[in-house]
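Values quoted throughout were computed directly from the atomic coordinates according to the rules given, and no laboratory measurement underlies them. Quick caveat: nothing in here was measured; it's all calculated off a predicted structure. Cβ atoms come from the backbone with ideal geometry, glycine included; neighbour counts cover every protein chain shown.
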Amino acid sequence: MTCGDGLETLLNDPKDPSHDPYETTETHLERLLGRALNSFDLPDSVIERLETALAHSTALYSSHHSAALHRTTYRHTYLLPDGSALGLWELVHNSGRGGAEQHELYTEEAEVRLAVSRLPEGPSPDWSGDRDGGTPSAGDGDLELLSSLFARPIPAQPRMYVPDNSDDHARRVLRRAENADRPGEAMAGRLRLAFAHHITQALGRQCPLEGGRDAGFTLYEHQFLLLDGSEVSLWEVEHTATPDGRHMCEVYESERAARDAMESRSRVR
């Protein structure tokens, strides 16, 4: 981290296309938050701390380029008045409409890794959508295969709960849910007692729909450990099986409800 006059810093990654050696920390933070699609999802407490930052540094963390997908991850580190450092992870990718560049921000490395895993990379090698000479369709055969896919049980994995603002994480998961039958205030009340959580990706797949386009489905289990020792899960479905192909997030209290919703969404025409 290189600090100049007034404890403002220079970006140390010239590969950033928006590199400005004279940009202040305040301007840098405003630029990141302004262009990120999910800036509203960052905890208010984190934003408040970042607004007091004295200096910042940016470093390239990873980069991937293929014929269809370009993605880059940056690590932004901020020096706070108390001498501690606070980081933001920025994911830049071209999976928007027409290959438009999109930016996302996360406070944890694990979260940005999950975000990377959600990016579409084409149909899975073991998925075949060829029907009648190779034209994708969403006929009875496809729906039957989708039903079988969505019904697969989650492989057993050890739960490694992390105590990291878990009540706020639960609040953000519920806030981004768009489905009318999402968990209500009773569940939100219970999750205010969460002090640790664990995220498991249960399913991620591209599925062909009628009209020659694909829809991406991802299923996550957010597992919470409450102060009374009990465990609660939220099942989050992210998909693009919407009439206009936009990204949508839904949240359910049970795995069965989430998988039923995915099967239903696969019938979008």
If each part is reduced to its alpha-carbon centroid, the range 33-67 and the range 159-184 end up apart, in Å, by 21 Å
Can you put 224, 40 in order, fewest other beta carbons within 10 Å first?
40, 224
Listed with the fewest Cβ neighbours within 10 Å leading, 54, 42 appear as 54, 42
Exposure-ranked with fewest Cβ neighbours within 10 Å first, 259, 213 stand as 213, 259
